[in-house]
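The values are calculated or read from the model by the stated rules, or taken from the named source; none is laboratory data. Computed from a predicted model, the values in this text were never measured in an experiment. Positions of Cβ are generated from backbone atoms using ideal geometry, with glycine treated the same way; all protein chains shown enter the neighbour counts. Side chains are part of the model used for accessible areas, which takes the heavy atoms of the whole protein and leaves out ligands, DNA and RNA. Shrake-Rupley method; radii C 1.70, N 1.55, O 1.52, S 1.80 Å.
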Amino acid sequence: MKVLSEKLFGGKQGAIGLAILSLLLFVVFPLWLDLFRLGLIGKYVTYAFVAISLVLLWGNGGILSLGQGMFFGLGGYCMAMFLKLEASDPISTKIQTTPGIPDFMDWNQLTALPWFWEPFKSLTLTILLVLIVPTLLAFIIGFAMFKRRVGGVYFAIITQAIALILSILIVGQQGYTGGVNGITDLKTMLGWDIRTDSAKYILYFANAGLLIACMLLARYILTSKFGMLLLAMRDKEERVRFSGYDVSNFKIFIFCIAAMISAIGGAMFTLQIGFMSPSFVGIVPSIEMVIFAAVGGRMSLIGAVYGTLLVNFGKTMFSETYPELWLFLMGGLFIAVVMFFPDGLAGVYEKYATKFNLTGKLSKLMIKFNKSASVTDELVGEKP
Amino acid sequence: MSSTDFVLAIEDLTVSFDGFKAVDALNMYIDNNELRVVIGPNGAGKTTVLDLICGKTKSTSGSIKFKNKELTKLPEHEIVRAGVGRKFQTPSIYENLTVYQNLEVSYPVGRSVWGSLTFKRTPEVIEQVHKIAAEVLLTEQLQMEAALLSHGQKQWLEIGMLLMQDPELLMLDEPVAGMSAKERDQTADLLNRICKNRSVLVIEHDMEFVKKIAHKVTVLHQGKILAEGPMEKVQADEKVIEVYLGH
Ligand SMILES: Nc1ncnc2c1ncn2[C@@H]1O[C@H](COP(=O)(O)OP(=O)(O)OP(=O)(O)O)[C@@H](O)[C@H]1O
Ligand SMILES: [Mg+2]
């Protein structure tokens, strides 16, 4: 039990970090922010799934994927297809030429539901497909690349190309995918209206809960021998190979896990925001996600989450007032981080935390908090 | 000859890089518990022979049999699992991990994806790490980041990582390069200890060191064997003196 908690939370230090993040997500934000702003946080948190997937893949494994958006997008599309079918029941679509199919299909002269939409009539199947489709794609890409020992820059470029192809494909196949508009007008999930205030709160908490769950999974992987091998592979791949490991299998596995975590984020995006579009699949979002992880700290799961939240706060604030400036600012931010803070916010925090013994102070603070907030109690799993 | 008593039997091994034969119809046999040293001038093909044995380079023709098992068609990790360990010419260790982690990661349990996810640090693992650390004189550095080790200690660590796997054939490419005289002596002792229950193949330029450890010496020149035998015999060989020992 002790070992397991060690592995999940990454020791006392890690547990405190997770507890503070949970406190923010579950208590501080919901109490402090109105529903509109909380919705924004919810959206950012869905991007954080991708950021933590990049911590696994890039920070620890040294495998830079510039195409994580495609997994986020695929997860999102799977969920959107289910919701769209539910929103397209024959009664609400009776004015269409073919009632009972999504509106964009009708506009594109489709007269029957395409075969690959059929499974999305079932929520169970949809949830399975959210997890399976992106993972399978990652497996195919990973198998083709890593077995041939394609890595580094080549891998990054190829993932980027595939993300681009996928987004072009989605835009081009308007009748099947909703094209450039994406899949919109999503309303209910098994009759439960996802647009109501209460639904928004519930989805926000589910989303945050899933993020923490994914972080625990990632933590477990990183603290196991697998995690140590990831670091070893990043450093000296040949040495790992000549120590009797089939390196490609490890890379394929972590690429698949990263895809699955990203896909969960995508599905939660669709549920909370109520649509999914190709603009989340292509190159730009994929690169943005890398920047989130880099700013937060590509070695730190918790850092990557804060990085995502902060960069997106910045984006929302700046792009309202100076939309053109934002892209330059973000580019500059990325260059600055890479040049001066290669470990991102987490690296800066660690440097100063050790300097001023911040963690000591923080843990005292946490113990005080524990007395009042039972939430942290449950999360840390032990009484002070 | 197809079945042999040798641990390693290399026959007619050739590799050509764009027509240049780096190893040319090489025959070499290594006995059980033998410590063989391969010497030869720069570019003789010594490292290439190790590359061929461990599968890093694929041979053009010929055969490499390890305990009568053909290695030339196996992928690298299976050659290692069959019992062949190899140290690289430049120390190849995981700089970001501690000495302890470097050794533990090399422990031959949990080599599959699933196995590594469920790997447990049992008392046997810890004991083995400490045993090997003592063997390669790194007990005090166990918690140190490997990047901070001296060059010589890095060489020892890599040897230790191989010993963790308890290979039946251990191949070391220039293990004392960059070591002080004292470290060389300690390494010679180490090699003399560890070849008690395995075969060791060492590539080395330092003749003083070679004298201390070699059971038999093979001189390689332009991908071919120039001479082979006990150290004294090889040293007296005129061809060897001319191409290698002379300068
Ligand atoms: N992958 C390769 N492609 C082309 N040529 C190669 C390759 N590997 C080795 N060679 C060539 O084969 C020859 C033998 O090289 P090798 O590294 O085996 O020499 P060595 O005996 O280990 O020398 P040193 O004592 O300098 O380490 C060299 O001329 C080298 O340039
Ligand atoms: Mg060499």
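Data overview
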{"read-out": "Candidate set from the range B:129-148 (those that are closer than 20 Å to residue A:239 by Cα and free of Cβ contacts under 8 Å to residues at least 40 places away in the same chain); member that is farthest from the chain's Cα centre (by Cα)", "value": "B:148"}
{"read-out": "In the range B:51-73, residue nearest to the other protein chains (Cβ to nearest Cβ) [restricted to those that are in contact (Cβ under 8 Å) with a residue 60 or more places away in the chain and within 14 Å of ligand 1 (Cβ to nearest atom)]", "value": "B:54"}
{"read-out": "Condition check for residue A:366: at pLDDT below 65 and either open to solvent by 50 Å² or more (accessible area, probe 1.4 Å) or aliphatic (A, V, I, L, M) (or both)", "value": "yes"}
{"read-out": "Meets criteria (more than 19 Å from residue B:85 (Cβ to Cβ), surrounded by 14 or more Cβ atoms within 10 Å (Cβ to Cβ) and more than 8 Å from chain A (Cβ to nearest Cβ)) for residue B:149", "value": "yes"}
{"read-out": "Among residues of the range A:214-237, those that are out of contact with any helix residue (DSSP H, G or I) (no Cβ under 9 Å at 6 or more places or on another chain) and part of a helix (DSSP H, G or I), counted", "value": "1"}
{"read-out": "Any hit, the range B:133-144, residues being touching an Asp or Glu at 6+ places or on another chain (Cβ under 8 Å) and either open to solvent by 40 Å² or more (accessible area, probe 1.4 Å) or within 12 Å of chain A (Cβ to nearest Cβ) (or both)", "value": "no"}
{"read-out": "Some residue of the range A:266-279 being small (Gly, Ala, Ser), within 14 Å of another protein chain (Cβ to nearest Cβ), open to solvent by less than 30 Å² (accessible area, probe 1.4 Å) and in a loop (DSSP other than H, G, I, E, B)", "value": "no"}
{"read-out": "Residue, nearest to ligand 2 (Cβ to nearest atom), within the range B:147-185, restricted to residues that are of a type in the set (Gly, Ala, Ser), under 24 Å from residue B:128 (Cα atoms) and not in a loop (DSSP other than H, G, I, E, B)", "value": "B:152"}
{"read-out": "First in the range B:11-22 and at pLDDT 90 or above, second anywhere and exposed (fewer than 14 other Cβ atoms within 10 Å of the Cβ), Cβ under 8 Å, 6 or more apart", "value": "B:11/B:1; B:12/B:61; B:13/B:61; B:14/B:61; B:15/B:58"}
{"read-out": "Residue A:37, sole failed condition from (1) surrounded by fewer than 17 Cβ atoms within 10 Å (Cβ to Cβ); (2) outside any helix (DSSP H, G or I); (3) modelled with pLDDT of 90 or more", "value": "(2)"}
{"read-out": "Criterion: at negative phi and within 9 Å of another protein chain (Cβ to nearest Cβ) - qualifying residue of B:118, B:48", "value": "B:118"}
{"read-out": "Residue B:205 within 16 Å of ligand 2 (Cβ to nearest atom) and surrounded by fewer than 16 Cβ atoms within 10 Å (Cβ to Cβ)", "value": "yes"}
{"read-out": "Condition check for residue A:93: within 25 Å of residue A:262 (Cβ to Cβ) and surrounded by 14 or more Cβ atoms within 10 Å (Cβ to Cβ)", "value": "no"}
{"read-out": "Checklist (1) closer than 21 Å to residue B:215 by Cα; (2) away from chain A (no Cβ under 14 Å); (3) within 11 Å of ligand 1 (Cβ to nearest atom) applied to residue B:31, failing item", "value": "(3)"}
{"read-out": "Meets criteria (part of a helix (DSSP H, G or I), open to solvent by less than 10 Å² (accessible area, probe 1.4 Å) and free of Cβ contacts under 8 Å to residues at least 24 places away in the same chain) for residue B:210", "value": "no"}
{"read-out": "Residues within the range A:222-262 that are at the interface with chain B (Cβ under 7 Å from one of its Cβ atoms) and within 23 Å of residue A:15 (Cβ to Cβ), tallied", "value": "5"}
{"read-out": "Residue in the range A:179-196 that is open to solvent by less than 20 Å² (accessible area, probe 1.4 Å), in contact with a Gly (Cβ under 8 Å, 6 or more places away or on another chain) and in a helix (DSSP H, G or I) present", "value": "yes"}
{"read-out": "Some residue of the range B:187-200 being within 16 Å of ligand 1 (Cβ to nearest atom), away from chain A (no Cβ under 14 Å) and either in contact (Cβ under 8 Å) with a residue 60 or more places away in the chain or not charged (D, E, K, R) (or both)", "value": "no"}
{"read-out": "Test: residue B:104 is facing another protein chain (nearest Cβ under 8 Å), in contact (Cβ under 8 Å) with a residue 12 or more places away in the chain and assigned to a helix (DSSP H, G or I)", "value": "yes"}
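For (1) part of a loop (DSSP other than H, G, I, E, B); (2) crowded, with 21+ Cβ neighbours inside 10 Å, each residue gets a yes or a no:
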site: B:13; (1), (2): no, yes
site: B:16; (1), (2): no, no
site: B:21; (1), (2): no, no
site: B:32; (1), (2): yes, no
site: B:36; (1), (2): no, yes
site: B:43; (1), (2): yes, no
site: B:50; (1), (2): no, yes
site: B:65; (1), (2): no, no
site: B:72; (1), (2): yes, no
